[in-house]
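Heads up, the thing below is written out as structure tokens.
The values are calculated or read from the model by the stated rules, or taken from the named source; none is laboratory data. A quick note: this is a predicted structure, and the numbers were derived from the prediction, not measured. Glycine also receives a Cβ, built like all others from the backbone with ideal geometry; neighbour counts cover every protein chain displayed.
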Amino acid sequence: MNMKTFKKIGTSLICALFAMPLMAQQTYEEMEQLTVNEQVTTVITASEPIRFVDISTDMVVGDQPINNTIRLKPKEGAHADGEVLAIVTIVTERYRTQYALLYTTRLQEAVTDKQIQPEERIAYNNPSVSMSTEDMAKYARSIWNSTARIHNVSTKQHRMMIRLNNIYSVGEYFFLDFSLENKTNIRFDIDEMRFKLADKKQSKATNSQIIELTPAFVLDQSKTFKYGYRNVVVLKKMTFPNDKVLSIEISEKQISGRTIMLNIDYEDVLYADSFNAILLKED
């Protein structure tokens with residue numbers, strides 16, 4: 001496994017860390033200690049996406065294979081039992097934690113899997129995160145379970161129908177609730193789901209401008225369905241002119257794959273705020 005040491009620290013995050021409320025000082029002897037060995041990969045998993053990791057020395061390397069997990073391993077052996085190799089600092093969307101990494105020559109004592117426990121978390125208000133992934137999931141599940149309020153935005157293609165159920169506005173984000181109905185007996189295997197701003201009327205004489213949008217959160221990660229499919233996608237709030245539409249495009253994996261698209265006018269997006277407070281009451 002090829003690992004690289006974490007050393008990237010954003011300026012805004014550094015300022016935020018220094019701006020955090022002062023707490024009682026802590027030494028490595030007082031923090032949670034993890035025993036490590038160069039032949040064992042130590043996997044640390046957080047309950048939410050990890051935004052920043054720092055390893056205090058070059059004696060330990062690590063990487064982040066997925067957004068809520070890091071892997072750590074000493075570069076080499078030749079250390080004494082109990083030697084402190086590094087302090088690892090992990091900052092997520094809403095908390096931070098630190099571990100002292102102590103060397104062990106005994107493989108059976110090396111920690112292979114570590115879940116960050118609630119009592120190890122120090123609350124942290126990350127200025128770069130206006131809404132946590134956990135909160136997005138909470139809102140999205142509530143919307144997914146709600147009744148459709150929009151009934152006039154839909155498209156039919158290939159004996160399928162895609163329709164917009166709801167648009168909610170929460171903080172800096174739009175929550176798009178849409179569903180697909182498959183009236184064939186052929187299972188639909190999703191190849192790609194795209195969200196973009198496109199020209200409402202595309203002319204061959206002019207070059208159309210398409211702006212791809214990357215969702216901040218997608219509730220349902222499943223890639224196949226037979227008859228029905230519903231999902232809630234979170235997009236950063238945006239404004240766009242009346243000559244453009246917000247498009248949802250879903251394509252199939254098959255060689256002769258079906259593609260279905262739903263265009264949402266700006267007037268429908270503006271409607272999002274009108275019923276936000278009815279369903280989503282923030283505590």
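Could you list all residues from the stretch 65-111 that are of a type in the set (Phe, Trp, Tyr) and touching a Lys or Arg at 6+ places or on another chain (Cβ under 7 Å)?
95
Considering only the stretch 60-132, give the strands (runs of 3 or more DSSP E) lying wholly within it that have at least 1 residues that are among the hydrophobic types (A, V, I, L, M, F, W, C).
Details: elements: 60-66, 69-74, 84-92, 95-103, 113-115.
Ranges flagged: 60-66, 69-74, 84-92, 95-103.
Taking the stretch 232-265 only, how many residues are surrounded by fewer than 17 Cβ atoms within 10 Å (Cβ to Cβ) and of a type in the set (A, V, I, L, M, F, W, C)?
Qualifying residue count, the stretch 232-265: 4.
Restricting to the stretch 135-188, name every residue that is surrounded by 14 or more Cβ atoms within 10 Å (Cβ to Cβ), of a type in the set (D, E, K, R) and assigned to a strand (DSSP E or B).
Matches in the stretch 135-188: 163, 177, 181.
Looking at the stretch 39-59 only, could you name the residues that are part of a loop (DSSP other than H, G, I, E, B) and either outside the structural domain of residue 83 (by TED's automatic domain parsing) or surrounded by fewer than 16 Cβ atoms within 10 Å (Cβ to Cβ) (or both)?
39, 57, 58
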